[in-house]
Every structure is written in C-alpha cells, then in structure tokens.
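S.K.: Quick one: structure below, then a few questions.
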Amino acid sequence: MRFLPDTYLVRLGTAGYLLLSLYTLTLFSVAAAEVTAKPAKNPVIVLDANGVKNLRIETEPVEERDFEETAFTLGRIEAIPRNIATLSSRIPGRVVELKAAPGEMVTAGDIIARIESRQPGDPPPVIALRAPISGMVTRLDVHLGDPVDPDKTLLEITDLREVYAVARVPEYLAGRMKPSLSPSVTSAPVPPSTNAPTTTATIPSPAPAATPAAPAALANTPSTVAHITAAALPNEKFDGTLLRFGTSADKESGTLDAVFRLTNSNGLLLRPGMRAEFSIVLSRRAGVLSVPKISLQGEPANRYIYVRDFDLPNAFIKTPVVVGETNDRFVELISGVLPVDEVVTRGAYSLGFVGQGSISLKEALDAAHGHEHAEDGSELTPAKKAEMEAKKQAAQGGKAADAHNHGDEGGGSFWMYTSATLFVLLLLSLVIRGGNSPSESEDELVKRPAKASHAKTAAAASSETASGTESHKPSLTNTSGGH
C-alpha cells in the first residue's frame, strides 16, 4: 500500500523533511513538559518515640549567626620550645632512686631522682634532683642504677598547657592572614641547685625584638584564628591564634608554616607530633541565616533538610532549600526555612531511608488528631470544608466521568506518544522509498507525457479499425438477403 505518490516524495525536498522533524520534536517536547510539570509534595515522616530514640535524632533551631569564610589545611602539634626543661646531675655518681616515668605529671620542686656521689664516705653522699618546672615527663634517658655524669641529660619535662599548632598554608593564602603583633614571652625557672634545694633562680625574660609596624589595612583587624581538630581527638575542638609565619617557604610545595598558639585544655589532650586539621578563618559576615552542616542532605542540585513539625509530635517535613556558602561547620541558607524552624542535625541521613514510605501531612495530622485537616495541614474551617465537599461531589459524578478524567491524565500522554511514533515511522518509510529508487521516480515524471501520447495514438487506431469493421456488416447482410 502506497501512502503518498512518488511525485509528492520528490517535491517534499529538504525543507519538508526539516518541517516534519521539527513537528516531531515539538510533540516530544510537549509530552516531556507535561510529565515534568507535575509539582511534588513535601513528604512528612512520622515516627514514634522509640523510632526517634533508635535513630538518635537531635534538632537545633535555625538562627542568624556570624558566618565565617574558612580555608582548610593540614599541620601538626608541636611543643613550645621555652616550655621544655631537662634534668641533669651536677656531680658524677649513679641513680639510686627514680620517681618519674614518661607520661607522668610532676610539679616544680618535686624530687624526681636521687644520685649517690662517687666521693668516698660511709655511706657515700646522696643528693636529690628536683623538677625544674611543672609539666609532663616526655622523655626518660636513665634507669635505676645507671651511672650519671654532669654532661648527661637524665629526663625531659614539657609544660603542655600551651602548645603550637603549625599549619602548612599556600603562599597566596598567607596574604589574607594577620599574625599577632605582640606575642607574649614568659620566664622559665632554672633547675634549683642540687646542693641547696631551697635556693631557686629564674632567667630574666629577654626584651622582645622590635616588631615592624603593621600596614594600616591590618592594624585595625583582629589576628587570624583557626578552628583546629586532631585526628586522634575527633570530638575535641580547639581555637588557636596566629602567632607568626615560618622563616622560609617550601619551594616544592609552595607552602609556608603558620604557627598558631592554643590552650591545651581538657586534661592536656594534645601531644607533640599529633596530626592536626585547620579551618583558618579568613573573613566574617554577621546576621547570616545558617544551620549546622550535618543537617544538609541530598545532591548538589537537589538540597533539602528535615524540619520538625510544630503540631504533630515526632513528625519531620522534608523541606527543599537553596544554599549559599559553606564552611567547616555551617551552611548558609538563602531560602526554604525561617528562623523559628528546628532542623534535624544528628539522624538526618537516616531519615532519608525512613522517608521512602512516608505519608502526606494531611494524612499524618488526621491520624494523630482524630479529625480531618486541610491539604496544607491547617485546621479545617467551614469554608474549606465546604470547598472540599464540593470537590468530592464533583469527583463522584459518575464512573464514566471518573474514567474520562483518568483518561485525560494518562491517555493524553499515551496518544501523544503513539501519534508521534506513527508519524516518525511514516517519515522513515518515505525516506527509505526515496533512497531506494530516486532516479526511477524522476524518469517516470519525464516519460509519463510520452507514454500518455502513445496511449492516445493506440486508442485512435483501435477506434478506426472498429469503425471499418462495422461498415462492412450491412453489405454482407444485403447480399445474403438477395439470395
């Protein structure tokens, strides 16, 4: 069966094919728009008290806070050199008593060891060695009974109440950081004389070196701070102040040492040599609506958070949000929530799996309160109730109307896809026919007038022959009648 004559195929041309292709693409675009135009509702996840406990859900209110722009880098913890002291004996002898071990805390003036002198005597003289400073015994180089000499270090004590955190920062980042202009210098006590334990002395604090004047742009800005965590202490947070930069940069990595000073609180948990992570604060903005970073869920193109419902207990609404900048602790929210909302922090990731079978807000509130609510979860007023009743009556007009409505929802797309598919098949059949015999169609157009003329000539000749035959029939009849 031929759908179109060959003359139409030849006359269709490139423009015709282009129009047909555009028409087909338009059909598919309309169908895709119909599918994607359906709005999605924010699901509500309803749990019981045990579910909240099992998921360990915690919430935090949305609030405006000072938002920090931070840069992440790595580094290490180091002891402050002036807070390290060593213990040695002024006389030769051997260790007869040892009262300290690595990791133990000692106080300045405590007896750490006793040394028996090599001088003759019965018994030989014994002197006591006292701790020069308070701190932790970080190194022990002798054992009980070892011989000692004045030039031999017995042990090392480190005051870890303050430590250095040294970060490796890129050179371009150092220009945005401001070190402290007047670092404090404290005095360190000298080990007391072993022969006179009650006598103590201190080293006078050296005068601090003259500090060059800071540029005007940095003079009025506070020193740079960093939020520091140690890999060995993931639940502990420390804040350090930039003290100074290193003396030289690393040529291979293009980084510079940035020395931060921080207080080692909570039982002196930080130890020299620990690996540290730094979030260096570069700038601050006040009054930024933000939430903890852990509460943000979803893919980069589809971010959402879970907000606690005010009316329904243990209910959480999946709320799409538009995010701004992000730092190490918080994420800026441009839209989606209000300062009065409470967002889920701990347990937000687990709620994503629970919410796969969640119900609507209306259904959740109806089940919880025992009466009907509006679609948006609000209380059902008489006006809203009348409107809902009218919609129900219109929806129950008849099975035929209901079937028709369903057909409009699903059938429209079905017939649109079917029509587009049939049209594409028709177009392909035309292209295939044209590709198989293009020259034949053109020859037929040229030869068709000649064929028509030849047919007319043959028809005329046949007509003349028929006329001659009819003219002879009467003579034959007359002759037979004469006889």
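S.K.: What's the number of the only condition in (1) in contact (Cβ under 8 Å) with a residue 24 or more places away in the chain; (2) in contact with a Pro (Cβ under 9 Å, 6 or more places away or on another chain); (3) under 24 Å from residue 70 (Cα atoms) that residue 317 fails to meet?
M.R.: It is condition (3) that residue 317 fails.
S.K.: Take the residues of segment 118-132 that are within 17 Å of residue 98 (Cα to Cα) and in contact with a Pro (Cβ under 7 Å, 6 or more places away or on another chain): which is most open to solvent (accessible area, probe 1.4 Å)?
M.R.: Out of the qualifying residues, it is 130.
S.K.: On to the next question. Restricting attention to segment 92-111, report how many residues are open to solvent by less than 40 Å² (accessible area, probe 1.4 Å) and assigned to a strand (DSSP E or B). Walk me through how you get there before you give the answer.
M.R.: Residues of segment 92-111 open to solvent by less than 40 Å² (accessible area, probe 1.4 Å): 93, 95, 100-101, 106, 109.
Subsequent filtering for residues that are assigned to a strand (DSSP E or B) retains 93, 95, 106.
Residues flagged as open to solvent by less than 40 Å² (accessible area, probe 1.4 Å) and assigned to a strand (DSSP E or B) within segment 92-111 amount to 3.
S.K.: Going through 317, 334 one at a time, which residue ends up being of a type in the set (A, V, I, L, M), under 21 Å from residue 374 (Cα atoms), modelled with pLDDT of 90 or more and not in a loop (DSSP other than H, G, I, E, B)? If you could, list the steps in order and put the result at the bottom.
M.R.: Values: 334 fails: under 21 Å from residue 374 (Cα atoms).
Residue meeting the stated conditions: 317.
S.K.: Restricting to segment 41-54, name every residue that is touching a strand residue (DSSP E or B) at 6+ places or on another chain (Cβ under 9 Å) and open to solvent by 20 Å² or more (accessible area, probe 1.4 Å).
M.R.: Within segment 41-54, 42, 43, 46, 47 meet the criteria.
S.K.: Could you check segment 285-304 and list, in sequence order, the residues that are over 13 Å from the mean Cα position of the chain (by Cα) and either open to solvent by less than 80 Å² (accessible area, probe 1.4 Å) or among the hydrophobic types (A, V, I, L, M, F, W, C) (or both)? Full working, then the answer.
M.R.: Initially, segment 285-304 is screened for residues over 13 Å from the mean Cα position of the chain (by Cα), giving 285-291.
Answer for segment 285-304, where residues must be over 13 Å from the mean Cα position of the chain (by Cα) and either open to solvent by less than 80 Å² (accessible area, probe 1.4 Å) or among the hydrophobic types (A, V, I, L, M, F, W, C) (or both): 286, 287, 288, 289, 290, 291.
S.K.: A follow-up question, please. Counting just the residues of segment 269-281 that are among the aliphatic types (A, V, I, L, M) and open to solvent by 30 Å² or more (accessible area, probe 1.4 Å), which one comes out farthest from the chain's Cα centre (by Cα)? So that I can check it myself, show each step before the final result.
M.R.: Applying the first criterion (among the aliphatic types (A, V, I, L, M)) to segment 269-281 yields 269-270, 274, 276, 280-281.
Right, trim to open to solvent by 30 Å² or more (accessible area, probe 1.4 Å) and you get 269, 274.
Values: 269: 31, 274: 28 Å.
Out of the qualifying residues, it is 269.
S.K.: So how many residues does segment 60-75 have that are among the aromatic types (Phe, Trp, Tyr) and in contact with a Pro (Cβ under 9 Å, 6 or more places away or on another chain)?
M.R.: Residues of segment 60-75 among the aromatic types (Phe, Trp, Tyr): 67, 72.
This time we only want the ones that are in contact with a Pro (Cβ under 9 Å, 6 or more places away or on another chain), so: none.
The qualifying residues number 0.
S.K.: Scan (1) open to solvent by 40 Å² or more (accessible area, probe 1.4 Å); (2) at pLDDT 65 or above; (3) among the β-branched types (Val, Ile, Thr); (4) more than 30 Å from residue 352 (Cα to Cα) for the single condition residue 80 breaks and write down its number.
M.R.: Result: residue 80 fails condition (1) only.
S.K.: Within segment 94-144, count every residue that is under 30 Å from residue 264 (Cβ atoms) and charged (D, E, K, R). Before you say what the answer is, go through the steps one by one.
M.R.: Taking segment 94-144 first, the residues under 30 Å from residue 264 (Cβ atoms) are 98-113, 128-143.
Checking which are charged (D, E, K, R) leaves us with 99, 104, 110, 130, 139, 141.
Number of matching residues: 6.
S.K.: When residues of segment 324-353 are filtered for being open to solvent by 50 Å² or more (accessible area, probe 1.4 Å) and among the hydrophobic types (A, V, I, L, M, F, W, C), how many remain?
M.R.: Applying the first criterion (open to solvent by 50 Å² or more (accessible area, probe 1.4 Å)) to segment 324-353 yields 325-326, 328-329, 334-335, 338-340, 342, 346, 349, 353.
Among the residues that remain, those that are also among the hydrophobic types (A, V, I, L, M, F, W, C) are: 334, 338, 340, 353.
Count: 4.
To keep it simple, each residue is scored yes or no on (1) open to solvent by less than 20 Å² (accessible area, probe 1.4 Å); (2) among the hydrophobic types (A, V, I, L, M, F, W, C); (3) farther than 30 Å from residue 259 by Cα.
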position	(1), (2), (3)
90	no, no, yes
140	no, yes, no
144	no, yes, yes
151	no, no, yes
168	no, no, no
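S.K.: Open to solvent by 60 Å² or more (accessible area, probe 1.4 Å) and of a type outside the set (Ser, Thr, Tyr), is that true of residue 249? Even if it seems obvious, please write down each step before you answer.
M.R.: Numbers: open to solvent by 60 Å² or more (accessible area, probe 1.4 Å): no; of a type outside the set (Ser, Thr, Tyr): yes.
When the stated conditions are applied, residue 249 does not pass them.
S.K.: For segment 154-166, which residues satisfy the criterion of being open to solvent by 50 Å² or more (accessible area, probe 1.4 Å) and either more than 26 Å from residue 81 (Cβ to Cβ) or in a strand (DSSP E or B) (or both)? Please lay out each step first, then the result.
M.R.: From segment 154-166, those open to solvent by 50 Å² or more (accessible area, probe 1.4 Å) are 161-162; that's our starting set.
Matches in segment 154-166: 162 only.
S.K.: Here is a follow-up. Of the residues that make up segment 244-251, is at least one over 29 Å from residue 337 (Cβ atoms), part of a strand (DSSP E or B) and touching a Phe, Trp or Tyr at 6+ places or on another chain (Cβ under 8 Å)?
M.R.: Residues of segment 244-251 over 29 Å from residue 337 (Cβ atoms): 244-251.
With part of a strand (DSSP E or B) added as a condition, the list becomes 244-250.
Filter again for touching a Phe, Trp or Tyr at 6+ places or on another chain (Cβ under 8 Å), leaving none.
Looking through segment 244-251, none of the residues is over 29 Å from residue 337 (Cβ atoms), part of a strand (DSSP E or B) and touching a Phe, Trp or Tyr at 6+ places or on another chain (Cβ under 8 Å).
The values are calculated or read from the model by the stated rules, or taken from the named source; none is laboratory data. What you see is a predicted model; the values in this text were computed from it and never measured. As a convention, Cβ positions derive from the backbone with ideal geometry for all residues, glycine included, and neighbour counts pool all protein chains shown. Only protein heavy atoms, including side chains, enter the accessible area calculation; ligands, DNA and RNA are left aside. Shrake-Rupley method; radii C 1.70, N 1.55, O 1.52, S 1.80 Å.
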